[in-house]
Amino acid sequence: MEKNIEISLLYDFYGQLLKEQQRQAVTLYYNDDLSLSEIAEQLGITRQGVRDAIKRSETLLFNYETKLGLYKRFKEVETGLYEIEALAENLKANYDTKTADKIISTAKSLHE
């Protein structure tokens, strides 16, 4: 996955765990696509300070995901839901007990 997208997704899950200035820097850099100089001007800090805040934030976001795994679990549940939907459509079309068993198994795996 492209790093910018990955950081934005991790920020959605863990952004509130960052300090205010880190949140602002990450939002302005990744979501608003501002340069380090533009962010420095808005936040009233140096360009190097912005770079450091962003790098620290990236490290923290990756560490949170490694420890907590919320994004990984979200993707697993999302994938499972798509699988359940496909199985249900198949069941609807064929009234197949094997498919019904797969649906039950997939649903159970999502809440384990």
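A few remarks follow.
- When the chain is treated as a Gaussian network with alpha carbon springs shorter than 10 Å, the biggest mean-square fluctuation among I39, I84, I54 belongs to I84.
- When the Cα positions of L9, A107, G69 are compared along the charge dipole of the chain, G69 comes out farthest toward the positive end, with charges on each C-beta of Lys, Arg, Asp and Glu.
- Computed from phi, the 3J(HN,Hα) profile of the range 51-57 under the Karplus parametrisation 6.51, -1.76, 1.60 (θ = phi - 60°) reads 4, 4, 4, 5, 5, 4, 5 Hz, with x in place of Gly and Pro.
- With neighbour counts taken as other beta-carbon atoms within 10 Å, the residues T97, T27 rank, fewest first, as T97, T27.
- Computed from backbone phi with θ = phi - 60° and the Karplus coefficients 6.51, -1.76 and 1.60, the 3J(HN,Hα) list for the range 13-23 is 7, 10, x, 5, 7, 7, 5, 3, 5, 5, 4 Hz; x is used for glycine and proline.
- Listed pairs K19/K75; K75/K108; K67/K108 exceeding 21 Å between Cα atoms: K19/K75; K67/K108
- Hydrodynamic analysis of the range 61-112 uses the Kirkwood radius over alpha carbon pairs. Inserted into Stokes-Einstein at 10 °C and 1.306 mPa s, it gives a translational diffusion coefficient of 131 µm²/s.
- Under Stokes-Einstein, with the Kirkwood radius over Cα pairs as Rh, the value for the range 23-112 at 4 °C and 1.567 mPa s is 79 µm²/s.
- Taking 19 Å as the straight-line reach from the Cα of K98, the aspartates and glutamates in range (excluding those fewer than 8 positions away in the same chain) are E83, E85, E89.
- Angle between the chain longest axis and helix 97-110 axis [Cα atoms, degrees, rounded to 10]: 30 degrees
- 20 °C / 1.002 mPa s Stokes-Einstein diffusion coefficient of the range 3-68, Kirkwood radius on C-alpha pairs, µm²/s: 184 µm²/s
Every number in this text was worked out from the coordinates using simple rules, so none of it is lab data. Everything numeric in this text was worked out from a predicted model, so none of it was measured. Cβ coordinates were reconstructed from backbone atoms using ideal geometry, including for glycine residues, and neighbour counts include every protein chain displayed.
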